[in-house]
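Here is the structure we will look at.
The values are calculated or read from the model by the stated rules, or taken from the named source; none is laboratory data. Small disclaimer: the values here were computed from a predicted structure and weren't measured. Cβ: placed from backbone, ideal geometry, glycine included. Neighbour counts: every protein chain shown. Just so you know, the surface numbers come from the protein's heavy atoms only, side chains and all, with ligands and any DNA or RNA stripped out. Shrake-Rupley method; radii C 1.70, N 1.55, O 1.52, S 1.80 Å.
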Amino acid sequence: MASDNLTVLNALDTARTQWYHVTAVVIAGMGFFTDAYDLFCITTVSKLLGRLYYYDPATHAPGKLPHSVNNWVTGVALVGTLTGQLVFGWLGDKLGRKKVYGLTLILMVICALCSGLSFGYSRKVVIGTLCFFRFWLGFGIGGDYPLSATIMSEYANKRTRGAFIAAVFAMQGVGIIFAGLVSMIVSKVFLMNFGGKAFTTDEVFSTEPEADYVWRIVLMLGALPALLTYYWRMKMPETGRYTAIIEGNAKQAAIDMGKVLDIEIQAEGEKLAKFKAANAYSLLSNEFFMRHGHHLLGTMTTWFLLDIAFYSQNLTQKDIFPTMGLVSNAKNISALREVFETSRAMFVIALLGTFPGYWFTVFFIEKIGRFKIQLMGFFMMSVFMAIIGVKYDYLKTKEHKWTFAALYGLTFFFANFGPNSTTFVLPAELFPTRVRSTCHALSAASGKAGAMVSAFGVQQYTQDGNVHKIKKAMLFLAFTNMLGFCCTFLVTETKGRSLEEISGEDEKQNETQMKSNRTDSGRQDDGWD
């Protein structure tokens, strides 16, 4: 149907996989690499901040961030991300994907650099400065979600679209690995040159003065990949779908796509004008609600429920790292050694548990389909979290550390070979071009709302390490995953279909064309009478 109406869309859907498709994955993926690094590197240095700025000699214990401060330091970027997703997602539909795509990187570069600065010496000023710039860093990161997904979906052909979008998102896993690796390398270099004694030996100088540089360097290095990507991102043309369907400029769409893809596109001005007119309904219209309301509800609820569980998976890190022998007791090591061991643990977990799941999705999404992968992931996460919840006090002992580690790793694996990847892919495919970026933004923002529930709610409930409370929290997370399993039935499979077929845009165009033909036919009959 779409091929009979719009050559530009058919050419994009049937184009063979070319070098530019790979280039687009790398350019968009480096944005997600930066996003993940910036969001997760704070985990490796948050304990160091406590030692540096919240040490109280009266307690005879290493300094620790108060609960409320810890929540804001780790969670404020999520608040910024939610806000940025909504703003940049809307701008992507109103102004075009390319026009605002570079702004997200500029914001990320500036705020990553400024996150390592302090406008004063007191802990209130240092933490306040850090939270301020991490909010705006999150704001820039938020823009990358809807824009990268939408751009990749509109460039890709229908045979490999899901794999390409998933590959962009899979760079998040690489970013998490590098967050651990970079923190590990930086802390090791400082440890070799300025390593102090254990806290039990020297309470004051176990926190090395030079350690204040470590967290700043780790955070500021997040600006580097974004800076390197900026030039190539600005060289990308606007997507052919946006130029043709939204701007109504068929000739420019043909020129732009002809520059980067080896395809021939005819400028069908009249047909594109009809297509644009037939699909002019807005997000708040009855037409959208009837056609896509349940899809939007499905993508928002599944992403919300997924992120409550996904971001809460770090709750068990405080237990599994010592159990696996990756982290020592804080009193027995110096501040720099604690950063090194925490980073090493994060690196190992990401490499063995998190990373493989992303790429399983990339390789199997076009074979199994988004719908089945999401159902499987939610179900398996629920099973493993329920087991951890029921047997938590049993599993956390050293005698059962490898069983605990296996269950823990499998929850990460099936999150990424499951809803953590598919909730990113589906909103980029289900909705019409006119509102695609906005709908993806609404879905992603819903996910970040779930992450905030984790950071400010579930995490608060488990920070003291009370086994009984953690068991309840894990069972709650198993329940949220089962809700996600049920809400998945609100979305539909998109594998192997064009974006216009999925969203119904080609159907609407053909309905309008048929009505027009019937009207013309009726007028001709009246003339013969």
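Laid out as a table, the results:
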quantity	calculated
The one condition in (1) surrounded by 21 or more Cβ atoms within 10 Å (Cβ to Cβ); (2) without any contact (Cβ under 8 Å) to a residue 40 or more places away in the chain; (3) closer than 21 Å to His440 by Cα that Cys111 fails to fulfil	(3)
Test: Leu103 is free of Cβ contacts under 8 Å to residues at least 40 places away in the same chain, in contact with a Gly (Cβ under 9 Å, 6 or more places away or on another chain) and not aromatic (Phe, Trp, Tyr)	no
Residue in segment 120-134 that is open to solvent by less than 10 Å² (accessible area, probe 1.4 Å) and not aliphatic (A, V, I, L, M) present	yes
Unique match (being under 23 Å from Tyr213 (Cβ atoms) and among the hydroxyl-bearing types (Ser, Thr, Tyr)) among Thr83, Thr104, Thr44, Thr59	Thr44
Residues of segment 329-388 that turn out to be open to solvent by 50 Å² or more (accessible area, probe 1.4 Å), closer than 28 Å to Met192 by Cβ and not in a loop (DSSP other than H, G, I, E, B), as a count	7
Residue list for segment 204-231, filter: in a loop (DSSP other than H, G, I, E, B) and under 24 Å from the mean Cα position of the chain (by Cα)	Leu221, Gly222
Number of positions in segment 24-67 that are at pLDDT below 85 and surrounded by fewer than 17 Cβ atoms within 10 Å (Cβ to Cβ)	1
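For every residue, the table says whether it meets (1) within 21 Å of the chain's Cα centre (by Cα); (2) not polar (S, T, N, Q); (3) not in a helix (DSSP H, G or I).
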site: Ser118; (1), (2), (3): no, no, yes
site: Cys131; (1), (2), (3): yes, yes, no
site: Phe139; (1), (2), (3): yes, yes, no
site: Leu147; (1), (2), (3): yes, yes, no
site: Ala170; (1), (2), (3): yes, yes, no
site: Asp202; (1), (2), (3): no, yes, yes
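So that you can scan it fast, the table gives a plain yes or no per residue for (1) open to solvent by 10 Å² or more (accessible area, probe 1.4 Å); (2) out of contact with any Phe, Trp or Tyr (no Cβ under 7 Å at 6 or more places or on another chain); (3) farther than 20 Å from Ile106 by Cα:
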position: Gly143; (1), (2), (3): no, no, no
position: Tyr155; (1), (2), (3): no, yes, yes
position: Arg159; (1), (2), (3): yes, yes, yes
position: Val186; (1), (2), (3): yes, yes, yes
position: Gly195; (1), (2), (3): yes, yes, yes
